[in-house]
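Enquirer: After the structure tokens below, expect a handful of questions from me.
The values are calculated or read from the model by the stated rules, or taken from the named source; none is laboratory data. Since this is a predicted model, take the numbers as computed values, not measurements. Positions of Cβ are backbone-derived with ideal geometry, glycine not excepted, and every protein chain shown enters the neighbour counts. All accessible areas refer to the heavy atoms of the entire protein, side chains included, with ligands and DNA or RNA removed. Shrake-Rupley method; radii C 1.70, N 1.55, O 1.52, S 1.80 Å.
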Amino acid sequence: MKIELAVGDIRKHRADMIVVNLFEGTKSPGGSTGAVDKAIGGAISAAIRDGDFQGKWGETLFLRPEKGVASHRVLVVGLGKKEKFTPDHIRQLALPVFQLAKKKKLATVASVLHGAGAGGIDPEEAARFLALGAALSGYEYDRYKSEKEGRVSRFQVVEREKAAARKVARGLAHGAKIGEAINWGRDLVASPPGDLRPDGLARAARKIAGGKVRVKVYGRKEAEAWKMGGLIAVGKGSEVSPRLIVAEYRGGRPGSPWTALVGKGVTFDTGGISLKKWEGMEKMKYDMAGGAGMLAAVRAAAALGIRRNIVAIVPAVENMPSGAAYRPGDVLRMMSGKTVEVLSTDAEGRLILADAITFAKKRYRPDVILDAATLTGSCVVALGSVTMGMMGNDAKVLARMREASAASGERAWELPLHEEYLEQIKSDIADLKNIGGPEAGAITAGYFLKEFAGETPWVHLDIAGVAWREKEKMGYAPGPTGVPVRLLVEFLRREGTGA
């Protein structure tokens, strides 16, 4: 889909449908909406007067004017209360627009720039979020559908002020690049588990190489040489050996520090010997959403030219039961030298992440490590499908992540890592055990990773509740969301000087 700027009057713009907006409580439309309303004989004002449209958040009014505008279809979207409107609401508004366009099989949609007028949002920022919303809302994984449904092929933002055109164009380009990277990652998450095993994820990762991005893939031989006890053990039950995927983006000056992005890459998780229930197991193909997100973040950073050295490290495995699989009761020696008693083979993500974090520290000596994983059901219980859990060992980095969360609209909520939680993961026969009992499961999993991060500034994102939508929510259709790419890109571009 092409996302582009058109400078001119929305009334004269030719498209299959034009989109205008209203805040809740508006009695008399102004701006572009008012101009369209006047041109089509006051149909929008009449709908407001008769109570058919109030401008509530996400509300839509579809009109078929016979004259007055170049388009035969007009869609009015409700922006909700002005005082509650945020840039991320602009992104979310794209979903009902694209759903209607898909239903009516429209190819071209043109929209005014939501929020940049009465909403008071900077035009560049508004354009960035609108382009991002268009890219994400136009996404569909239809590889296995015999009949492909029509999609919007062109989305245009019509800006009437020539003075603002450059900023709007810059914002649209930025948002479209992030959206493209996220959708690439969403395709990985949506892929059937038989199509995307550890070797398949490695092949997909190689496709982002080029320019300032270099991708290396290591196998079992290297993992054994590096004594990656966690990665080797979790992958033992599968006929496909584990991979360690490393994608380097050299956007910073030579010699400047690295930011390490570590993502869980369990391409399918049966639970291993600690077998999961069959209900919902088909969704365990998205247990590599953290890894896909980190690779997509590098892809986005390269597209945007963020001036920072960034490395994505993805330990990729299948967690399968077999005669060769690791067992509850086994003791693993990790790359760091620490030993871990296995109580559940279904707590595998923290084992492969621990080795990947150690690899990041030894190989890159990063100034910060950020990891993301669909790690615990406990985080879903605590925070639901609204926000990801966030934990870390550095107050300054956590504060910057909170700022990036607020700016990106991708929500992260900090959970505590008090020393008392360490007692729950101490083992009688090893240094640590891989689960800490029924209490505070998301936190004890985070504390387990903290033990391997050591003194390196580190933040852990548990995305188990937000990586996949079962139903439409917060501007996402059902399926993979691409979390936490938006948050990471915002963090990285703020950190990268001049980006």
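Enquirer: What's the number of the condition residue 436 fails, among (1) on the phi > 0 side of the Ramachandran plot; (2) without any contact (Cβ under 8 Å) to a residue 40 or more places away in the chain; (3) of a type in the set (Gly, Ala, Ser)?
Expert: (1)
Enquirer: So, one more: Is one or more of the residues making up segment 431-440 out of contact with any helix residue (DSSP H, G or I) (no Cβ under 8 Å at 6 or more places or on another chain) and aliphatic (A, V, I, L, M)?
Expert: Scanning segment 431-440 turns up no residue that is out of contact with any helix residue (DSSP H, G or I) (no Cβ under 8 Å at 6 or more places or on another chain) and aliphatic (A, V, I, L, M).
Enquirer: I'd like to verify a number: residues in segment 11-60 that are of a type in the set (Phe, Trp, Tyr) and touching a residue at least 40 places away in the same chain (Cβ under 8 Å), how many?
Expert: From segment 11-60, those of a type in the set (Phe, Trp, Tyr) are 23, 53, 57; that's our starting set.
Okay, now just the ones that are also touching a residue at least 40 places away in the same chain (Cβ under 8 Å), so 23.
Residues meeting the conditions: 1.
Enquirer: Has segment 459-480 got any residue that is in a helix (DSSP H, G or I), open to solvent by 10 Å² or more (accessible area, probe 1.4 Å), touching a Ser or Thr at 6+ places or on another chain (Cβ under 9 Å) and closer than 28 Å to residue 396 by Cα?
Expert: Looking through segment 459-480, none of the residues is in a helix (DSSP H, G or I), open to solvent by 10 Å² or more (accessible area, probe 1.4 Å), touching a Ser or Thr at 6+ places or on another chain (Cβ under 9 Å) and closer than 28 Å to residue 396 by Cα.
Enquirer: A further question on this structure: Can you name every residue in segment 135-166 that is among the aliphatic types (A, V, I, L, M), over 21 Å from residue 475 (Cα atoms) and in contact with a helix residue (DSSP H, G or I) (Cβ under 7 Å, 6 or more places away or on another chain)? Explain how you work it out, then say what you get.
Expert: Here is the first cut: in segment 135-166, the residues among the aliphatic types (A, V, I, L, M) are 135-136, 152, 157-158, 163-165.
If we keep only those that are over 21 Å from residue 475 (Cα atoms) as well, we get 158, 163-165.
Scanning segment 135-166 gives 158, 164.
Enquirer: Going residue by residue through segment 356-365, is there one that turns out to be basic (Lys, Arg) and either open to solvent by less than 20 Å² (accessible area, probe 1.4 Å) or more than 27 Å from residue 249 (Cα to Cα) (or both)?
Expert: The answer is no, given that none of the residues of segment 356-365 is basic (Lys, Arg) and either open to solvent by less than 20 Å² (accessible area, probe 1.4 Å) or more than 27 Å from residue 249 (Cα to Cα) (or both).
Enquirer: Further question on the same structure: Give me the pairs, please: first residue somewhere in segment 398-416 and surrounded by fewer than 18 Cβ atoms within 10 Å (Cβ to Cβ), second residue anywhere and part of a loop (DSSP other than H, G, I, E, B), beta-carbon distance under 7 Å, and either six or more positions apart or on two chains.
Expert: Here the result reads 413/387, each pair linking segment 398-416 to a residue that is part of a loop (DSSP other than H, G, I, E, B).
Enquirer: Could you count how many residues in segment 102-134 are touching a Ser or Thr at 6+ places or on another chain (Cβ under 9 Å), among the small types (Gly, Ala, Ser) and in a helix (DSSP H, G or I)?
Expert: Selection size over segment 102-134: 1.
Enquirer: Enumerate the pairs (first residue in segment 226-255 and farther than 23 Å from residue 336 by Cβ and among the small types (Gly, Ala, Ser); second residue anywhere and at pLDDT 95 or above and part of a helix (DSSP H, G or I)) with beta-carbon separation below 8 Å, excluding pairs fewer than 6 apart on the same chain, so at least 6 apart or on different chains.
Expert: Once the first residue is farther than 23 Å from residue 336 by Cβ and among the small types (Gly, Ala, Ser) and sits in segment 226-255, its partners that are at pLDDT 95 or above and part of a helix (DSSP H, G or I) give 238/198; 251/301; 251/302.
Enquirer: If I ask for residues that are part of a loop (DSSP other than H, G, I, E, B) and either more than 32 Å from the chain's Cα centre (by Cα) or aliphatic (A, V, I, L, M) (or both), which ones from segment 317-331 would you list?
Expert: 320, 322, 323, 324, 325, 327, 328, 329, 330 - these are the residues of segment 317-331 that are part of a loop (DSSP other than H, G, I, E, B) and either more than 32 Å from the chain's Cα centre (by Cα) or aliphatic (A, V, I, L, M) (or both).
Enquirer: Which residues, taken from segment 331-351, are within 30 Å of residue 406 (Cα to Cα) and open to solvent by less than 10 Å² (accessible area, probe 1.4 Å)?
Expert: 349, the sole residue that qualifies.
Enquirer: Do you know which residues across segment 366-389 are open to solvent by 10 Å² or more (accessible area, probe 1.4 Å) and touching a Pro at 6+ places or on another chain (Cβ under 7 Å)?
Expert: Scanning segment 366-389 gives 366, 367.
Enquirer: Looking at (1) part of a loop (DSSP other than H, G, I, E, B); (2) free of Cβ contacts under 8 Å to residues at least 60 places away in the same chain; (3) in contact with a helix residue (DSSP H, G or I) (Cβ under 7 Å, 6 or more places away or on another chain), which is the only condition residue 422 fails?
Expert: (1)
Enquirer: Also, quick follow-up: For residues in segment 481-499 being assigned to a helix (DSSP H, G or I) and open to solvent by less than 10 Å² (accessible area, probe 1.4 Å), which is nearest to residue 396 (Cα to Cα)?
Expert: As a first pass, look at segment 481-499 and keep what is assigned to a helix (DSSP H, G or I): 485-495.
Then keep just the ones that are open to solvent by less than 10 Å² (accessible area, probe 1.4 Å); that gives 485, 487-489, 491-492.
On the way: 485: 20, 487: 16, 488: 16, 489: 18, 491: 12, 492: 14 Å.
Going through the qualifying residues, I end up with 491.
Enquirer: Could you check residue 137 against (1) within 25 Å of the chain's Cα centre (by Cα); (2) at pLDDT below 95 and say which number it fails?
Expert: (2)
Enquirer: Separate question: All but one of (1) open to solvent by less than 20 Å² (accessible area, probe 1.4 Å); (2) touching a residue at least 60 places away in the same chain (Cβ under 8 Å); (3) closer than 24 Å to residue 184 by Cα hold for residue 130; state the number of the condition that does not hold.
Expert: Going through the list (1) open to solvent by less than 20 Å² (accessible area, probe 1.4 Å); (2) touching a residue at least 60 places away in the same chain (Cβ under 8 Å); (3) closer than 24 Å to residue 184 by Cα, residue 130 breaks only (2).
Enquirer: I need a count of the residues in segment 309-347 that are of a type outside the set (Lys, Arg), touching a residue at least 40 places away in the same chain (Cβ under 8 Å) and under 22 Å from residue 278 (Cβ atoms).
Expert: Qualifying residue count for the region: 13.
Enquirer: Within segment 33-69, count every residue that is of a type in the set (Ser, Thr, Tyr), closer than 16 Å to residue 112 by Cα and open to solvent by 30 Å² or more (accessible area, probe 1.4 Å).
Expert: So the count comes out to 1.
Residue by residue, here is whether (1) modelled with pLDDT under 95; (2) open to solvent by 10 Å² or more (accessible area, probe 1.4 Å); (3) closer than 14 Å to residue 22 by Cβ; (4) more than 24 Å from the chain's Cα centre (by Cα) holds:
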residue	(1), (2), (3), (4)
77	no, no, yes, yes
80	no, no, yes, yes
85	no, yes, yes, no
88	no, yes, no, no
92	no, yes, no, no
110	no, no, no, yes
113	no, yes, no, no
116	yes, yes, no, yes
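Enquirer: Taking residue 441 as the residue in question, decide whether it is within 30 Å of residue 95 (Cβ to Cβ) and open to solvent by less than 50 Å² (accessible area, probe 1.4 Å).
Expert: Here the answer is no, as residue 441 does not meet what is asked.
Enquirer: Among the residues of segment 145-159, which ones are over 15 Å from residue 104 (Cα atoms), in contact (Cβ under 8 Å) with a residue 12 or more places away in the chain and in a loop (DSSP other than H, G, I, E, B)?
Expert: Of everything in segment 145-159, nothing turns out to be over 15 Å from residue 104 (Cα atoms), in contact (Cβ under 8 Å) with a residue 12 or more places away in the chain and in a loop (DSSP other than H, G, I, E, B).
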